[in-house]
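To start, the structure under review is shown below, and the notes come after it.
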Amino acid sequence: MKRITIFGATGSIGQNTLDLIGRDREAYKVVALTGEQNIEKLARDAITFDAELAVTADPGRLEDLRQALSGTAVQAAAGPEALIEAASRPADWLMSSIVGSAGLAPGLKALEQGTSLALANKESMVCAGPLMLSTAKAHGASILPVDSEHSAVFQALIGEDMSAVERVIITASGGAFRDWPIENLANATPEQAATHPNWDMGQRITIDSASMFNKALELIETREFFEIEPAQIEAVVHPESMIHALVGFRDGALMAHVGPPDMRHAIGFALHYPERKTLPVERLDLVKLGQMTFRPADETRWPALRLAREVMAAGGLSGAVFNAAKERALDGFIEKRIGFQQIARVVEEVLSRVSANRGHIDAAITLDNVINIDHLARTRADEIMTEIEG
Ligand code: NDP
Ligand code: MG
C-alpha cells in the first residue's frame, strides 16, 4: 500500500488527485489531507478516504474542522506548524498542490523526509529552485513535475542525455483574452479573466493564464527544474492545448507530448512513476481534432513573458520577488484595486525597487531568505498599488 499525503486537497489539483486515488482505494493509505477555507470538503474527503489527519492552514478554522470531524477517527489540526508536522509524517508520495509560495515550506519538509514529491506548486521552483533540488538530492528524494508542460518535458527526456537537448518549447493556450484586441485589456474584469478556454483549474492560475503570468512562472520553472539556459527555453501560443511541450534535440528531432487537457494525466504519471498505468483520460482522436495551430507569444500583449526573461537573467532571489509581487498584484486585481494591465506594472516596479539593493537578490537561497524577500516584495507591491489608487 502506498502511503500518500495531499497538500491542497480541496483545490482543483487535489480533487483530481483524489479522483485517481478513489478509483483504486485498496492501493493507497491516505496519511494526511490539507486545505484552508474549504472545511466541509476537507472533512468530507478526510472521512471518505479514511485519512489519519486533516489540516487547515487557517488556525481560525480549527474549531470548524474539529466539529466537522467529530465522532470520526480523523485527527484535526490547523496552522503553519501543523502543515509542517503533516509533511513530516512518513509517506511514500506527497502531492504539493497548495497555491502560492505557501507551498514551499511543506514541500521542503517532505523532501527532507525522503518523500517523493509530486510538484504542482510551481511557485516552489520559481522561488527556490536550487534549494528544492539540493534538498531532494541530500535526502535521496525525487521531485516529479505535475505542471502539464513540465511533466511533458520530463516524459520526453526519459532515456535521453541532457547534453543532446538544444531547446525546450512549452505551449500556452493564451488564456481568456488571447483573441481580444489589446486596447480592450485595460477594462478586463476578474470575472472575465477567470474563465479558461481549455483547462478547468483554480481561480488564481486561470487568471494567471489570461495575463500569461502562469507561462512566465513556467518559463522560470523550466529553467530551474531542468537546469537549462534561459536562451534554450521558448513559449509558443497553441490555442488547442493538445501539445503540452516539445523537446528539441541536437539532431533536429522535436519530441512532442500530445494529449487532451486533463490534469489527471500528469498527476497519474507522477503517481505511478516509473510505471505507466491505465488512466481515465480521453483518448485523442487526431482526425476529429483535425488541426493544431500555433502563434507567437507576443511580449507586448503579455509583458509577463519579458519580465520572466529578466528574472531568469538576474537569478538569485529574483524569482521569489517576482512570484510574491505577482501574488499580491493578483490579489489587487481580484479585489478590483488595480486593472488587468496594472498587474504587470506592479510586478515590474516591485522587481525594480527590490533589486535596487543587489544584496537582496544575491543573498543565499535559503528558506528564511525566501520568506523574508517574499514579505518585502508583498509590502512593496502594496505600496505601489496604493500609489496607483491614489
Ligand atoms: P486551487 O485554488 O484550486 O486550490 C488551492 C489549494 O490550496 C486549496 O486546497 C486551498 O485550500 C489551498 N490553499 C490556498 N491558500 C493556502 C495557504 N495560504 N496555505 C495553505 N493552503 C492554501 O488551486 P489549483 O489546484 O488550481 O492549483 C494548485 C497549484 O497547482 C498551484 O501552484 C498551481 O499553479 C498548480 N497547477 C494547477 C493546475 C490546475 O490544473 N489547476 C495545473 C498546473 C499547475 P481551500 O480551497 O480549502 O481554501
Ligand atoms: Mg502548466
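The values are calculated or read from the model by the stated rules, or taken from the named source; none is laboratory data. Here the structure is a predicted model, which is why all the values come from computation and not from measurement. All Cβ positions, glycine included, derive from the backbone under ideal geometry; neighbour counts span all protein chains shown. Side chains are part of the model used for accessible areas, which takes the heavy atoms of the whole protein and leaves out ligands, DNA and RNA. Shrake-Rupley method; radii C 1.70, N 1.55, O 1.52, S 1.80 Å.
Figures for the structure shown
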quantity: Conditions (1) within 15 Å of ligand 2 (Cβ to nearest atom); (2) hydrophobic (A, V, I, L, M, F, W, C); (3) open to solvent by less than 10 Å² (accessible area, probe 1.4 Å): number failed by MET201; calculated: (3)
quantity: Residue within segment 276-283 that is farther than 27 Å from TRP180 by Cα and in contact with a Pro (Cβ under 7 Å, 6 or more places away or on another chain) present; calculated: yes
quantity: When residues of segment 161-182 are limited to those that are open to solvent by less than 50 Å² (accessible area, probe 1.4 Å) and part of a loop (DSSP other than H, G, I, E, B), the one farthest from ligand 2 (Cβ to nearest atom); calculated: PHE177
quantity: In segment 55-75, residue nearest to SER97 (Cα to Cα) [restricted to those that are aliphatic (A, V, I, L, M) and part of a loop (DSSP other than H, G, I, E, B)]; calculated: ALA57
quantity: Which listed residue, of GLN15, GLN37, is more than 19 Å from TYR273 (Cβ to Cβ), at pLDDT 95 or above, part of a loop (DSSP other than H, G, I, E, B) and of a type outside the set (A, V, I, L, M); calculated: GLN37
quantity: Residues of segment 192-209 satisfying the condition of being touching a residue at least 40 places away in the same chain (Cβ under 8 Å) and farther than 22 Å from GLY14 by Cα; calculated: ALA193
quantity: Verdict on LYS122 being open to solvent by 20 Å² or more (accessible area, probe 1.4 Å) and either among the charged types (D, E, K, R) or within 16 Å of ligand 1 (Cβ to nearest atom) (or both); calculated: no
quantity: Single residue of ALA176, ALA172, ALA193, ALA156 found to be touching a strand residue (DSSP E or B) at 6+ places or on another chain (Cβ under 9 Å) and within 22 Å of ARG345 (Cα to Cα); calculated: ALA172
quantity: Residue ranges of helices (runs of 4 or more DSSP H) in segment 263-376 with at least 3 members surrounded by 15 or more Cβ atoms within 10 Å (Cβ to Cβ); calculated: 264-272, 303-314, 318-334, 342-355
quantity: Extreme residue, nearest to ligand 1 (Cβ to nearest atom), among residues of segment 161-187 that are β-branched (Val, Ile, Thr) and farther than 15 Å from LYS215 by Cα; calculated: VAL165
quantity: Tally, over segment 145-160, of residues that are of a type in the set (A, V, I, L, M) and either within 13 Å of ligand 1 (Cβ to nearest atom) or part of a helix (DSSP H, G or I) (or both); calculated: 4
quantity: Members of segment 83-104 found to be more than 10 Å from ligand 1 (Cβ to nearest atom) and out of contact with any strand residue (DSSP E or B) (no Cβ under 8 Å at 6 or more places or on another chain), listed by number; calculated: ILE84, SER88, LEU104
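To keep it simple, each residue is scored yes or no on (1) within 19 Å of PHE7 (Cβ to Cβ); (2) in a loop (DSSP other than H, G, I, E, B); (3) open to solvent by 10 Å² or more (accessible area, probe 1.4 Å); (4) at pLDDT 95 or above.
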{"site": "ALA82", "(1), (2), (3), (4)": "yes, no, yes, yes"}
{"site": "GLU85", "(1), (2), (3), (4)": "yes, no, yes, yes"}
{"site": "ILE98", "(1), (2), (3), (4)": "yes, yes, yes, yes"}
{"site": "LEU104", "(1), (2), (3), (4)": "yes, no, no, yes"}
{"site": "LYS109", "(1), (2), (3), (4)": "yes, no, yes, yes"}
{"site": "GLY129", "(1), (2), (3), (4)": "yes, no, no, yes"}
{"site": "SER134", "(1), (2), (3), (4)": "no, no, yes, yes"}
{"site": "ASN184", "(1), (2), (3), (4)": "no, no, yes, yes"}
